[in-house]
Amino acid sequence: MKLKDILACVDGKLVCGESHLEDEVMRGFASDLMSDVLTILEDDIILITGLSNNQAIRTAEMSDISNILLVRNKKPSQSMIDMANELNISLSYTSFSLFKASGLLYEQGLKPVY
């Protein structure tokens, strides 16, 4: 799925990283525990999380994740936006819960990491 299709599926709003809209995202990983995210070795994934702080951006950077979707209508702070721009990471949000966003994306064909 392209990032733009993911955002359409979950009524997501792109905050930064417009250049990633055409990214082909192969898998999704949903977690609020960044220690779990650090175990992921897959490429071309989107991180779906309710953790709305700089730790999510730093963890994505260390895990080579280029796309983050925040759930539960959590909007990123300006420092998150600045950091995501600096690291070339797209940052989006949706009002949907982690469960609903993940379920809708799975239903549309986004594969899980495991």
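From the list Gly12, Gly17, the one residue that fits, being modelled with pLDDT of 95 or more, among the small types (Gly, Ala, Ser) and in contact with a Phe, Trp or Tyr (Cβ under 7 Å, 6 or more places away or on another chain), is Gly12.
Which residues, counting only those in the range 72-83, are acidic (Asp, Glu) and either modelled with pLDDT under 95 or surrounded by 22 or more Cβ atoms within 10 Å (Cβ to Cβ) (or both)? Scanning the range 72-83 gives no hits.
Taking each residue of the range 13-41 that is more than 22 Å from Val113 (Cβ to Cβ) and looking for partners that are assigned to a strand (DSSP E or B) and hydroxyl-bearing (Ser, Thr, Tyr) with beta-carbon atoms closer than 6 Å, six or more apart or interchain, yields Lys13/Tyr93; Leu14/Ser92.
Within the range 28-41, the set of residues being surrounded by fewer than 17 Cβ atoms within 10 Å (Cβ to Cβ) and not small (Gly, Ala, Ser) comprises Asp32, Leu33, Asp36, Leu38, Thr39, Leu41. Within the range 43-88, the set of residues being under 10 Å from the mean Cα position of the chain (by Cα) and within 12 Å of Leu3 (Cα to Cα) comprises Ile45, Ile46, Leu47, Ser66, Asn67, Ile68, Leu69.
Against the condition surrounded by fewer than 13 Cβ atoms within 10 Å (Cβ to Cβ) and touching a residue at least 24 places away in the same chain (Cβ under 8 Å), how does Gly50 come out, does it pass?
Answer is no for this residue.
Can you spot a residue in the range 87-99 that is surrounded by 16 or more Cβ atoms within 10 Å (Cβ to Cβ) and part of a helix (DSSP H, G or I)? Scanning the range 87-99 turns up at least one residue that is surrounded by 16 or more Cβ atoms within 10 Å (Cβ to Cβ) and part of a helix (DSSP H, G or I).
Would a scan of the range 55-71 turn up a residue that is surrounded by fewer than 21 Cβ atoms within 10 Å (Cβ to Cβ) and within 18 Å of Leu14 (Cβ to Cβ)? No; the residues of the range 55-71 include none that is surrounded by fewer than 21 Cβ atoms within 10 Å (Cβ to Cβ) and within 18 Å of Leu14 (Cβ to Cβ).
Restricting Gly50, Gly109 to residues that are among the small types (Gly, Ala, Ser), out of contact with any Leu (no Cβ under 6 Å at 6 or more places or on another chain) and at pLDDT 95 or above narrows the list to Gly109. Pairs are defined by a Cβ separation below 8 Å, a sequence spacing of at least 6 or placement on different chains, a first member in the range 83-100 that is without any contact (Cβ under 8 Å) to a residue 60 or more places away in the chain, and a second member that is buried (at least 21 other Cβ atoms within 10 Å of the Cβ) and part of a helix (DSSP H, G or I); the pairs so defined are Met83/Ile57; Leu87/Ile57; Leu87/Ala60.
The values are calculated or read from the model by the stated rules, or taken from the named source; none is laboratory data. Predicted model only: the values in this text are computed from it and were never measured. With ideal geometry, Cβ positions are generated from the backbone for all residues, glycine too; neighbour counts draw on all protein chains shown.
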